[in-house]
Amino acid sequence: MCLLDVSPMSQDRYALRQLHACGELQCIDPGRFEQAVSKCSNLWASLPGTGYGQPEHPIEDLLAVFRAAGATVMPWCPCP
């Protein structure tokens, strides 16, 4: 997938594609956000725990944005 711009919509579409590629897209709808971030953190240098030496966003900040967008977050547990 090639991004034509860096608009929020393009970034969201790319993020969904990456979540699908690492097998974690099914975690998003039931609200298992932290699990999806953890499993896919190697794809984005700014996610917590990547270790790429770039500034990482704390999971609390990511959760706040996710919730502000109207999402519900469930406790950590295996996805179906």
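The values are calculated or read from the model by the stated rules, or taken from the named source; none is laboratory data. None of these values were measured; they are calculated from a predicted model. Virtual Cβ from ideal backbone geometry, glycine too; neighbours counted across all protein chains shown.
Working only within the range 35-44, note down all residues that are among the hydrophobic types (A, V, I, L, M, F, W, C) and under 9 Å from the mean Cα position of the chain (by Cα).
Ala36, Val37, Cys40, Trp44, listed by residue number.
Being assigned to a loop (DSSP other than H, G, I, E, B) and under 9 Å from the mean Cα position of the chain (by Cα) narrows it down to one of Leu19, Leu62, Leu47, so name that one.
Matching residue, one of Leu19, Leu62, Leu47: Leu47.
Looking only at residues in the range 59-77 that are surrounded by 10 or more Cβ atoms within 10 Å (Cβ to Cβ) and farther than 18 Å from Glu24 by Cβ, which one is modelled with the highest pLDDT?
Ranking the candidates gives Asp61 first.
Please specify each residue of the range 32-54 satisfying the condition of being under 14 Å from Phe66 (Cβ atoms) and β-branched (Val, Ile, Thr).
Val37 - this is the single residue of the range 32-54 that is under 14 Å from Phe66 (Cβ atoms) and β-branched (Val, Ile, Thr).
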